[in-house]
Amino acid sequence: MIDFNGYLFVDEYTYMIALDSMKHFTSLTIVPLKLNDDGVDLNDLEVKVKERRFKSQNKEFWAIYYTIPTYHNPTGILFSPTVCRGIVALSRKYDFLVVCDDVYNILHYDNKPQHSRLMSYDTRTDADYVGHVISNGSFSKIIGPGVRVGWLEVPPRLKPQLRHSGIINSGGCFNNYTAGIVGSLFELQLAQPHIARLYAAYKERMLAAIAVLKSELPNTCRFVTPSGGYFIWIRLPDQVKASEFLEYCFEHEKITFIVGSRFAVEEGKGQQFFRISIAFHKKEKLVDGISRLCLALKAFIKSVKHT
């Protein structure tokens, strides 16, 4: 589907395991894209796409843009409608494929209605529609992490390529047995109440975590309040490195988190960021941990100022 001498455009901070997987394709060039609070920087995307575009001789696409537009991992960003429309417009103009990792879409906690996902902006009734967006979904985030079953939504023109994939044809699908169980869970109406319970628990945890951070996080730090998903992305003061704070935090409070550099496409980036996840611990433990993290951060910032 993609030319092996082509490009992978990726948000400057992205899901670290996806990034690790991309690096195995050594003939593809990974290009980082700037992120704003409302999604990818469209000007940066167009400049970098325009200057690298080439005509592939034997593949459908010369490049892929991989992103997580709804409750982005690790930043928690929800791409705005303007950004979503812009991505689709650029994908049509420069003929690259957009792959959306849409695994957090139903985890919307805000009282305001959530706008449509990015794929919906690649409208089939448009005069210039060809089909430039793929959506990847997963039951692992809404039933349980060990499920390892998901689905793809693709434009009609790309279905034959996936249908004739040797990987898929070899076994009929990627996880037959578990897919059958998941299908039965929905048919028997057993999955829906389970998902509702998880949703309520995640929402309660996220709102509680945000409340603690707004109250106790040092005012020299910054975060964008997520309206859904699992993650909160903390920006530290310039003089503070997340890796050093992690060591301090573990030593004094036995609390860990993932530092921003783990998600960075470029070496040396992300040192002033770290990610908190609300998905694992129950609310009480999460609130206690974040509160102690904030206390440790205040002490650590003070110690850095005096060195």
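The values are calculated or read from the model by the stated rules, or taken from the named source; none is laboratory data. Every value quoted in this text rests on a predicted model; they were computed, and no experiment measured them. Reconstructed Cβ throughout: ideal geometry from the backbone, glycine too, with neighbour counts over all protein chains shown.
Worth pointing out:
- Filter pass, Lys55 being at pLDDT below 95, touching a Phe, Trp or Tyr at 6+ places or on another chain (Cβ under 8 Å) and farther than 19 Å from Arg222 by Cβ: yes
- Of all residues making up the stretch 250-285, the number that are closer than 17 Å to Pro74 by Cβ, surrounded by 15 or more Cβ atoms within 10 Å (Cβ to Cβ) and in contact (Cβ under 8 Å) with a residue 60 or more places away in the chain: 13
- Contact annotation: residue pairs with Cβ atoms under 7 Å, 6 or more positions apart or on different chains, pairing a residue in the stretch 44-56 that is surrounded by 15 or more Cβ atoms within 10 Å (Cβ to Cβ) with a partner that is assigned to a helix (DSSP H, G or I), are Leu45/Leu90; Glu46/Leu90; Val49/Leu90; Val49/Tyr94; Arg53/Tyr94.
- Filtered residues of the stretch 1-28 (kept if part of a strand (DSSP E or B), of a type in the set (Val, Ile, Thr) and either within 19 Å of Gly260 (Cβ to Cβ) or within 20 Å of the chain's Cα centre (by Cα) (or both)): Val10
- Any hit, the stretch 205-224, residues being within 24 Å of the chain's Cα centre (by Cα), among the acidic types (Asp, Glu) and surrounded by 15 or more Cβ atoms within 10 Å (Cβ to Cβ): no
- Boolean, Cys294 is surrounded by 16 or more Cβ atoms within 10 Å (Cβ to Cβ) and out of contact with any Asp or Glu (no Cβ under 6 Å at 6 or more places or on another chain): no
- Some residue of the stretch 73-87 being assigned to a helix (DSSP H, G or I), closer than 25 Å to Gly228 by Cβ and of a type in the set (Lys, Arg): yes
- Unique match (being of a type in the set (Val, Ile, Thr), modelled with pLDDT under 90 and farther than 26 Å from Leu97 by Cα) among Ile195, Ile143: Ile143
- Scanning the stretch 120-149 for residues that are among the polar types (S, T, N, Q) and closer than 20 Å to Ile278 by Cα yields Ser138, Ser140.
- Criterion: surrounded by 12 or more Cβ atoms within 10 Å (Cβ to Cβ) and not in a helix (DSSP H, G or I) - qualifying residue of Val182, Val130: Val130
- Qualifying residue in the stretch 252-274 (condition: assigned to a helix (DSSP H, G or I), modelled with pLDDT under 95 and outside the structural domain of Thr70 (by TED's automatic domain parsing)): yes
- Residue match in the stretch 82-96 (condition: buried (at least 19 other Cβ atoms within 10 Å of the Cβ), among the hydroxyl-bearing types (Ser, Thr, Tyr) and under 13 Å from the mean Cα position of the chain (by Cα)): no
- All positions within the stretch 275-307 that are in a helix (DSSP H, G or I), out of contact with any helix residue (DSSP H, G or I) (no Cβ under 9 Å at 6 or more places or on another chain) and modelled with pLDDT under 95: Lys302, Lys305
- Among the residues here, Pro218 qualifies as assigned to a loop (DSSP other than H, G, I, E, B), over 22 Å from Gly39 (Cα atoms), touching a residue at least 60 places away in the same chain (Cβ under 8 Å) and touching a Leu at 6+ places or on another chain (Cβ under 8 Å).
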